[in-house]
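The values are calculated or read from the model by the stated rules, or taken from the named source; none is laboratory data. Model, not experiment: these values are computed from the prediction. Neighbour counts run over all protein chains shown; Cβ positions are idealised from the backbone, glycine included. We work out accessible area using only protein heavy atoms, side chains counted, and drop any ligands, DNA or RNA first. Shrake-Rupley method; radii C 1.70, N 1.55, O 1.52, S 1.80 Å.
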Amino acid sequence: MMAKIVVTGMGLVSALAPSLDKTWQRLLCGESGIQHCHPFPDISAQPLALVGSQPSHLEDLLKPALSEALDDADLAPPIADCGVAIGSSRGFQSQWEEGAFAYHTPMASHGEKRSLLAAPEQLAHIYNVSPASIVAQAISAQGPVLAPRAACATGIWAIAQGADLIRAGYCSRAIVGAVEAPITPLTLAGFNKMGAMAQSGAYPFDQNREGFVLGEGAAILVLEEESVAQKRQAKIYGQVLGVGLTVDAHHMTAPETSRRAAITAIQDCLQRSGLKASDVGYIHAHGTATHLNDQAEAVVIKALFPSSVAISSTKGATGHTLGASAAFGCIFSLMALSQKVLPPCVGLQEPAFDLNFVRELHGHNTQSALCLSSGFGGQNTVLALSS
């Protein structure tokens, strides 16, 4: 029999709050962490979901989320029999850009270019360190260390890989999730050039949606084989059932119109999880608030699921945290399952689609949820969870 994988600890740093509990409470109240910001003088002010008053560095988000997840799971380093699967789509982008800016900026005294060789610690991070290796070192892990990168689908990839490590017997537990500190001049300039970013706010699935709002944050989960968790009487949020992974092979940014690959990902996930579409009571949608994504996702949901399934996207509250967004969604889905309450689709005022969106906080009795995510390059990822 395949081992059951359960979640025993979670940590979150978001624009709503620097902890899971406070983030969850603000989310349930329909609040948003998005504000109009002007962090870079050469780029116009726009709505962003910052954790602090200025854009964060990756480690400043990762370390508190990891600490919270370990405390929540009642674990402390060293944790030798442990795998790690922590992803990031942008990695140390801000350090790259800061280094490039320093190199190309004349020194005031000599008119010469600065040398990055004067900052060996910065170089070490840029070239040799990943979020996964930072976590592995912090907990003294001796199991496998994976650093997935799959655009905005990274978070589900990381959780799926961690679960697979446990099922294959490489370790009895794994630290999984994703982190993103993407608010940099180059990232903003690129997405603005694409016309993908909103000018006033994030309104997933709304008739007046404008595009996504970039956000930053970290989402970390502790996975354990069920018998290991039960032996130490650990708190259990829910079970990781199965995953579906496909790619459109169509376009670097636009979803393929028939949505065949996206539909296959969901069907594969349901089959691997032992679920029927009618078993799913809640879907945490990718819901970026872009015209193409929301339209494509709504078509798939309407084609596969009963009209009663509850749906929300939380990007109107946290912003779009790119590679971390799917891990955010999984944590919110597990909180919904364990606390029997569904988070609202913050920012939704006038639904553009005939679906059962969660407009305000309400209770539920569902036992199963799906977390959907997609990413540039045609990535389609689906994760099934149960209480």
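Averaged over its residues, the chain has an accessible area of 41 Å² per residue, based on protein heavy atoms and a 1.4 Å probe.
Across the accessible surface of the stretch 275-322, with the other protein chains kept in place and a 1.4 Å probe, carbon and sulfur atoms take up 61 percent. For the chain, would you read off the P(r) tail past 41 Å as a percentage of all alpha carbon pairs? Of all Cα-Cα distances in the chain, 10 percent exceed 41 Å.
Which of rounded, prolate or oblate describes the stretch 300-387 when judged by the alpha-carbon gyration tensor and an a/c cut-off of 1.5? Cα axes put the stretch 300-387 in the rounded bin. The Ser200 and Ser53 beta-carbon pair, evaluated with R₀ = 22 Å, returns a calculated FRET efficiency of approximately 0.60. Relative contact order for the stretch 161-260 using alpha-carbon pairs under 8 Å, separation at least 6, rounded to a whole percent? Relative contact order of the stretch 161-260: 28 percent. Comparing Arg259, Arg359, Arg232 in a Gaussian network model of the chain where C-alpha atoms under 10 Å apart are linked, the largest mean-square fluctuation is found at Arg232. Largest accessible area first, the residues Tyr282, Tyr170, Tyr203, Tyr237 order themselves as Tyr170, Tyr203, Tyr237, Tyr282 under a 1.4 Å probe with ligands, DNA and RNA left out.
Sorted into 5 angstrom bins from 0, the C-alpha pair distances of the stretch 150-224 split as 3, 14, 17, 16, 15, 12, 9, 8, 5, 1 percent. Across the protein chains, with a 1.4 Å probe defining accessible surface, the residues Trp24, Trp157 rank Trp157, Trp24 from largest area downward. The stretch 281-298 and the stretch 208-251 have Cα centres lying 17 Å from one another. Based on DSSP H segments of at least four residues, each scored -39500 (n - 2.57), the chain has a per-residue ellipticity at 222 nm of -10500 deg cm²/dmol. Of all the options Ala219, Ala76, Ala151, the one that moves most in a Gaussian network model of the chain with Cα springs shorter than 10 angstrom is Ala76. Here the stretch 177-268 has 53 percent of its accessible surface on carbon and sulfur atoms, given a 1.4 Å probe and all protein chains in place. For the chain, what are the DSSP H helices with axial Cα length of 15 Å or more and mean Kyte-Doolittle hydropathy of at least -0.5? Answer set is 58-73, 154-167, 260-273, 291-304, 325-339. Take every Cα pair under 8 Å in the stretch 288-387 that's 6+ residues apart, average their separations, divide by the length, and report that relative contact order as a whole percent. About 27 percent, as a whole number. A 1.4 Å probe over all protein chains sorts Lys193, Lys235, Lys276 by accessible area into Lys193, Lys276, Lys235, starting with the largest.
Largest GNM mean-square fluctuation across Leu370, Leu28, Leu62, computed for the chain with C-alpha springs under 10 Å, falls on Leu28. Taking 25 Å as the straight-line reach from the Cα of Lys315, the lysines in range (excluding those fewer than 8 positions away in the same chain) are Lys22, Lys63, Lys193, Lys302, Lys340. Report in % the part of the accessible area of the stretch 1-94 that belongs to carbon and sulfur, leaving out ligands and nucleic acids; probe 1.4 Å. The computed percentage sits at 50. The listed peptides 223-229, 379-385, 64-70, 139-145, ordered by packing as a protection proxy, come out as 379-385, 64-70, 223-229, 139-145 (highest mean of other Cβ atoms within 10 Å first).
Please report the relative contact order for the chain, taking Cα pairs under 8 Å with a sequence separation of at least 6, and give it as a percent rounded to a whole number. For the chain, the relative contact order is 24 percent. In this view, the solvent-accessible surface of Asp74, computed with a 1.4 Å probe and all protein chains in place, comes to about 130 Å².
In this simple spin-label model, placing a label point 7 Å from the Cα along the Cα-to-Cβ direction at both Arg260 and Gln142 gives a separation of 4.9 nm.
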